[in-house]
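S.K.: Have a look at this one.
A short reminder: the numbers here are calculations on the coordinates, not readings from a lab. Small disclaimer: the values here were computed from a predicted structure and weren't measured. In this analysis, Cβ positions are derived from the backbone assuming ideal geometry, glycine residues included, and neighbour counts consider all displayed protein chains.
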């Protein structure tokens, strides 16, 4: 059963069209991440699902029930806010039980639910404190506790980790994921952080300019980005994209970067049948930085030895875990991720291995994925 | 450096003393007998310290044909100022809350109209109030003055509270709505507990303003119904015929005491409340 169905949803503020015909179906138990740059409409979409804002057109269905005209409190949802939105004058205990108080849940039942959630989140010692006496991570937990105690059909998270420092963010990220695996809740999670999206989601909806660009599981999003926006948005460093020409040689497609230049790069493709349609045409080639490595690297389970090319190095960025290299492929700039102990000299040529199994080809006009 | 500082301080102290002279004269005279003042001068040290003036002023002194001192008028002022302060503050808080934290059609317009009340001179409103009080049969009653001050006070209290409440994060409101709290529950359980800083400001402001208000008091009440500020007018009438500086000084001081106390005990909160920002 679909826990959440969004049909033809649009939202307009005066002249500004924030959401343009969103369709999404989210299954029960899924961890869906809405990800996109600021202003893409993801938070507005979440607000509309929560019932805090009204859509201009379209329907929202939660648990098989159209909720367009149902107020937030009756939608069977719970929400965690970026600012946590804990009630400042209430203790942690009161914060968590306020919803049940509003719903006139009897006392013993309230206490039981509170105890349950407090144990799950390990916040028992904090119950009598006020939010001002809590650290950022503790506030985050309490905010989640307030949502969990509702046991709703749908959890909505609005950038819940953005106010935490980097270390805590990674910890809480894992904790939320663990929590999802443990209680099997249906979660819609908004973030602008593509790493959060990749690590937590069972499915990702990449949004841009009020539209869902792609809605798929993280591997598909990463491996087969539906268009150039998704390709460049997901991944850090982002996918290298560059103009290239598609030709057919010996009955197979070959993509040529910097065609006609003395340093042109020719990459033979296998398994890219859709590419034949672009024979002798311009395409946009996408290649992830981790598909360019030091010579001698074997890529995963690739059967053949990878193609090795000589390319000029412009700059290197050692990060500790790897060395990020800015190089030129047929004159086009590209980033490579190579082994941390290899430091090619800027300005010189160095050998690089290319993993051609995971290239992406895009139509230069529509920017859509070809293959 | 040192000299310039000294000069500045000396000048400031001298000016401060100058401003305090009238108060000083009244305080000193309240401790002298009227006979002594009449025999010597209005300005002078008490030859013989006496507190009898206060007792006289409180419930024996004769003003406007009654010899019951200012006690009944003080009580009138309290029964006027206390309910009007509480009512106008609570209503202003409620109005400020709905304007600041809820969107409804015409909210900005209503806010503009309410705050316009601050800028309307009192004299302008006399005639409309005459009509209202007459039609409600509240002429010459304390209740009528309570009504006037509650309604008029709301301009200020709404403005103060609204400006304070806009600092409350919208996420709190959203969280409360999802939790299932309605308009009044959010007000009582979430917004009001965050309000003491601004409520102290409005209470001080309203109480002082209503206590000291004079025009409506003399216009709409007479005789035993008058608040103390209006009743004191009889004092100045008496001064020209038969000066009783001792008792009169004491009466003025008693009448000023509540607002002075409010200032002394609440002034601190008033200043900190005015600058208090949003609630994190």
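S.K.: In a GNM of chain A with a 10 Å cut-off on Cα contacts, which of A:219, A:301, A:76 has the highest mean-square fluctuation?
M.R.: Evaluated over chain A, the most mobile residue of the options is A:301.
S.K.: Grab the DSSP H runs of chain B that are 4 residues or longer, score each as -39,500 (n - 2.57), total them, divide by all residues and round the 222 nm result to the nearest 500 deg cm²/dmol.
M.R.: After summing the helix terms and dividing by residue count, I get -24000 deg cm²/dmol.
S.K.: Further, regarding this structure: Which of B:106, B:153, B:266 ends up with the largest GNM mean-square fluctuation for chain B, with Cα atoms connected below 10 Å?
M.R.: B:106
S.K.: Turning to a different aspect of this structure: Counting pairs of alpha carbon atoms under 8 Å apart in space and at least six apart in sequence, what relative contact order in percent does region B:71-275 give?
M.R.: Over region B:71-275, the number comes to 34 percent.
S.K.: In percent, how large is the relative contact order of chain A, given Cα pairs closer than 8 Å and 6 or more residues apart? Show your work: numbers first, answer last.
M.R.: On the way: 779 pairs, mean separation 56.0, N = 371.
The value is 15 percent.
S.K.: Also, I was wondering about something else. Express in whole angstrom the spacing between the alpha-carbon centres of region A:223-246 and region A:296-371.
M.R.: 14
S.K.: Let me ask something else. Mean residue ellipticity at 222 nm from the helices of chain A, using -39,500 (n - 2.57) per DSSP H segment of n ≥ 4 over the full residue count, to the nearest 500 deg cm²/dmol? Working shown, then result.
M.R.: Values: 8 runs with 85 residues, N = 371.
After summing the helix terms and dividing by residue count, I get -7000 deg cm²/dmol.
S.K.: Is there a simple number for the mean count of other chain Cβ atoms within 10 Å of the Cβ of residues in A:78-89, and what is it? Don't skip to the end; give the middle numbers.
M.R.: Values: counts 3, 6, 1, 7, 1, 6, 4, 10, 3, 11, 8, 9.
Mean inter-chain Cβ contacts per residue within 10 Å come to 6.
S.K.: How far is the Cα center of region A:47-68 from the Cα center of region A:163-217, in Å?
M.R.: After rounding, the separation between the Cα centres reads 21 Å.
S.K.: Quick one: among B:34, B:137, B:98, which has the greatest mean-square fluctuation in a GNM of chain B with alpha-carbon springs under 10 angstrom?
M.R.: Among B:34, B:137, B:98, the largest mean-square fluctuation in the Gaussian network model of chain B belongs to B:137.
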